[in-house]
Amino acid sequence: MKVIIIYTIGEFAKISKVSPRMLRHYDKIELLKPSFIEQNGYRYYSDEEINKISMIKQFRRYGFSLEEIKSVLCKNDVEYTKQTLQLKIDHLQQSTTEHHYLIRELENQLRATSGEDTIFQSKPNFDIVIGHRSEFLALCQRRRTNEAAMDQMILELYEVLETSDLVITGTRMTIFHVTNYVYNPEDADIEVCIPVNAEYNKGAFYTRIIEGGLYMSTIYIGSYDDINHPYQALIAWSKQNNYSIIGPSVERYYRDCGETNNQSEYVTEICIPIASHTIIGQ
């Protein structure tokens with residue numbers, strides 16, 4: 001006779017490494033129900049739920065939404081699961097293609113970075129790229145605050161993603177809204193954004209379309225302490241090539257403190273919307 005082991009929600013949270021708050025959310029949306037709930041509200045789980053939570057975590061790592069995972073678990077059909085996995089593979093391959101030019105630019109930038117570079121290098125060189133970018137939907141939060149609050153703002157976006165059905169579709173970023181070309185890092189209009197697949201609007205968090213258009217951009221590798229250098233290079237390039245800056249600058253974070261403790265390895269793309277003086281004058 002098989003012995004059924006029962007776990008409290010606290011024990012189950014430790015085993016699965018999923019917080020009790022998240023387990024209650026999964027119960028609420030009927031993604032993962034406890035084996036039973038007592039009249040006092042205490043939740044109890046079994047080994048069967050451990051297998052399910054492992055699958056949920058794995059599919060979340062693949063980028064599936066909670067609703068997609070729920071559908072797979074409910075159907076419990078091998079062919080349906082295979083079709084769902086293939087669709088995700090197709091989506092990831094498309095994303096890889098779209099970001100191919102960024103990968104090539106990063107590789108070129110890494111090859112161009114010499115081990116002999118020092119903090120005394122007076123004028124770093126940056127490759128400036130211009131191109132049209134498509135609009136996309138992003139989960140955002142905007143505040144007038146100081147730059148030190150950016151990390152917390154981004155963390156709060158990820159907390160929203162944890163408890164929602166949104167799926168991340170791109171790289172996190174910050175938009176710096178500047179009034180009259182005056183920027184004060186201690187009192188800045190900052191909007192943090194993460195590209196997502198669906199609309200959301202609750203409290204301070206909302207989705208909006210990030211406009212497409214013509215952008216100039218460059219890849220910067222290094223600490224944020226010297227990030228003024230790529231900005232200087234972009235602005236100088238726009239003046240030399242008869243372009244006007246027509247919108248706020250955007251920083252995309254491909255490698256930051258979440259991936260490395262070495263600030264010299266940070267990888268940031270800086271994008272600024274531009275227009276030709278000829279077009280503006282027409």
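The values are calculated or read from the model by the stated rules, or taken from the named source; none is laboratory data. Source: prediction; values computed, not measured. Backbone-built Cβ (ideal geometry, glycine too); neighbour counts: all protein chains shown. Note: accessible area is taken over every heavy atom of the protein model, side chains too, but ligands, DNA and RNA are not part of it. Shrake-Rupley method; radii C 1.70, N 1.55, O 1.52, S 1.80 Å.
The simple Förster model, with R0 at 25 Å and r as the Cβ-Cβ distance, assigns residue 228 and residue 275 a FRET efficiency of 0.60.
Using label points projected 7 Å from each Cα along Cα→Cβ, tell me how many nm separate residue 147 and residue 236, to one decimal. A separation of 2.0 nm, rounded to one decimal place.
Calculated FRET efficiency, residue 156 to residue 77, Cβ-Cβ distance, R0 = 45 Å: about 0.75 to the nearest 0.05. Each residue, residue 177 and residue 259, gets one label point 7 Å from its Cα in the Cβ direction; the gap between the two is 2.9 nm. Here are some pairs, 28/57; 14/88; 52/75; 33/75; 28/82; 17/88; which of them have Cα atoms lying more than 23 Å apart in this structure? Correct reply: 14/88; 28/82; 17/88. Projection of the Cα convex hull of the range 203-282, averaged over all directions and equal to a quarter of that hull's surface, yields 7.1 nm². Whole-Hz Karplus values for the range 62-68 come out as 6, x, 6, 6, 4, 5, 5 Hz, taken residue by residue from phi with 6.51 cos²θ - 1.76 cosθ + 1.60 and θ = phi - 60°; glycine and proline positions read x.
For a straight C-alpha distance cut-off of 29 angstrom, the lysines reachable from residue 239 (same-chain residues fewer than eight places away being disregarded) are 123. In this structure the range 134-282 gives 51 Å² per residue of accessible area when probed at 1.4 Å with all protein chains present.
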